[in-house]
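Following: one structure in structure tokens, then a few remarks.
The values are calculated or read from the model by the stated rules, or taken from the named source; none is laboratory data. Since the structure is predicted, the reported quantities are computational estimates derived from the model, not experimental observations. Cβ sites come from the backbone with ideal geometry, for glycine too, and all protein chains shown count toward neighbours. SASA here: full protein model, heavy atoms, side chains in, ligands and nucleic acids out. Shrake-Rupley method; radii C 1.70, N 1.55, O 1.52, S 1.80 Å.
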Amino acid sequence: MKSSIQRVKAIVFDTFGTVVDWRGSIIRDLSAWGESEGVKADWAAVADKWRGRYEPEKDRVRTGEIAWTNLDELHAHALDQVLAELDLEVLSAEQRRHINRVWHRLEGWPDAVEGLIRIKRRYVIGPLSNGNVALLVNMAKHAGLPWDNVFSCELFRHYKPHPETYLGVCRLMYLDPAEVMMCAAHNGDLAAARAAGLKTAFIPRPTEHGPGQKTDLEPTQDWDVVANDIIQLAERVGA
């Protein structure tokens, strides 16, 4: 273990893309549901277009265009736009609610549960995610993610990369920033965490956005730890 991370007591994880395969999960889940409901759609296009509205939706909150709104509600707003774009406006309110809650039913990457269980033996672990509390708790129950606590940005009423999200974890846990490590598959998330004083760990997820992904394929800074997956991260932090 690097001497620079010997003070770390808690490791928090970006969740969408780093711990769970949101794209693959959405496609699999909604393809099966659509077949049972008789709803024909290009579910890969739904997933990609929906995720494409992720940052613009959060920007509505960040810029003050709208008051604090949790991610379930932002997802629902974005979903209505996507369904209209793909000529799926005929779906009922109940069907839309089921689709929107697919984010509660995401599956972990193959290494996620095993790696987290190992890390949990030595460190406090939890998601530091833009997902709201209900979403993250339901996802953890569905995917078997063994969190000690859920550090939802809903608790801080700011979305990453606002410093309050990273420092909020430190405040809740009575830890100095250098005692908390942020793990993410996104260099931008880690840059914001480092600026707040946290330690950092990078894990590449080269298929998060599908086979043509061009971003976050490798670390762009000298992060404190770089690992191939969460199991290797466990090894590198001595867990």
**OP:** Quick one: dipole size for the stretch 19-97, taken about the Cα centre, charges +1 on Lys/Arg Cβ and -1 on Asp/Glu Cβ, in debye to the nearest 20.
**Re:** 200
Subject >> Mean Cβ neighbour count within 10 Å, used as a protection proxy, ranking 149-158, 11-20 highest first >> reply: 11-20, 149-158
Subject >> Environment charge of E35, counting only residues whose C-beta is closer than 13 Å and scoring Lys/Arg +1, Asp/Glu -1 >> reply: 0
Subject >> Alpha-carbon centroids, the stretch 1-31 and the stretch 127-173: separation in whole Å >> reply: 12
**OP:** Mind putting a number on the dipole of the chain about its Cα centre? Charges go on the C-beta only, +1 for Lys and Arg and -1 for Asp and Glu, and I need it in Debye to the nearest 20.
**Re:** 820
Original post:
Which of N228, G144, S129 sits farthest toward the positive end of the charge dipole of the stretch 86-228, with +1 on the Cβ of Lys and Arg and -1 on the Cβ of Asp and Glu?
Top reply: G144
Original post:
Among residues other than G238 whose Cβ falls under 11 Å from its Cβ, what is the net charge (Lys/Arg +1, Asp/Glu -1)?
Top reply: +4
Subject >> Solvent exposure, largest accessible area first (probe 1.4 Å, DNA, RNA and ligands not counted), of D148, D216 >> reply: D148, D216
Subject >> Helix-only mean residue ellipticity at 222 nm for the chain, each DSSP H run of n ≥ 4 adding -39500 (n - 2.57), per residue, nearest 500 >> reply: -13000 deg cm²/dmol
Original post:
Quick one: net charge of E57's neighbours, Cβ under 14 Å, K/R +1, D/E -1?
Top reply: +1
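About the Cα centre of the stretch 30-148, what is the dipole size in debye to 20, counting +1 per Lys and Arg Cβ and -1 per Asp and Glu Cβ, all else neutral?
Approximately 680 debye in magnitude.
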Subject >> Shape call, the stretch 1-78: gyration tensor on alpha carbons, a/c limit 1.5 >> reply: oblate
